[in-house]
Amino acid sequence: MEHEPQITIVNGKPAEWTDDICKLWQLVIAAHFEGETRSVSRANYFTPRPYVDEYNSGSNQSGFTYTVGRDVCQHIFPRSQS
């Protein structure tokens, strides 16, 4: 996988990415790395999470948060219109 993260995380916990997550990474994120020489040190794939309490209000978003060099980047997928 081109521009493969050195460490992969799912919802904040170290985990190997599934083939589907890897394909999504290649299609959405790695496609924008043309000419980038810095490596991706870690990447987190996050999914929607439920409301827990006032301190953990949950989220209906999914996407990637990743580190390129010293920059932290995030891609949030648009919510489906269902």
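Sorted from fewest to most neighbouring beta carbons within 10 Å, what does the list THR8, THR47 look like?
Starting with the residue having the fewest Cβ neighbours, the order is THR47, THR8.
Find me the longest stretch of the chain that has none of the exposed chymotrypsin sites (Phe, Trp or Tyr not before Pro), where exposed means in a DSSP loop (not H, G, I, E or B) with at most 16 other Cβ atoms within 10 Å.
The answer is 1-32.
Scan around HIS3 for amide H atoms under 5 Å from its own, H built in the peptide plane at 1.01 Å from N, and keep only partners 5 or more places away or cross-chain.
Under 5 Å from the amide H of HIS3: no residue qualifies.
Any idea what the dipole of the stretch 7-76 comes to, in debye rounded to 20, about its Cα centre with Lys/Arg Cβ at +1 and Asp/Glu Cβ at -1?
My answer is approximately 140 debye.
What are the residues whose amide H is under 5 Å from the amide H of SER62, where those residues sit 5 or more places off or on another chain and H is modelled from the backbone?
For SER62, the qualifying residues are PHE77.
Helix-only estimate, please: 222 nm mean residue ellipticity of the chain, summing -39500 (n - 2.57) across DSSP H runs of length 4 or more and dividing by its residues, to the nearest 500.
Result for the chain, helices only: -1500 deg cm²/dmol.
Which entry in (i) 133; (ii) 78; (iii) 116 matches volume of the Cα convex hull per residue in Å³ derived from the coordinates of this structure?
(iii)
Out of THR67, PRO14, PRO48, whose Cα points farthest toward the positive end of the dipole of the chain (charges: +1 Lys, Arg; -1 Asp, Glu; placed on Cβ)?
Towards the positive end, the residue furthest out is PRO48.
Since every read-out is calculated from the coordinates, none of them should be taken as a lab result. As the structure is a computational prediction, the values presented were derived from the model and not from experiment. Here the Cβ is made from the backbone with ideal geometry for all residues, glycine too, and neighbour counts use every protein chain on show.
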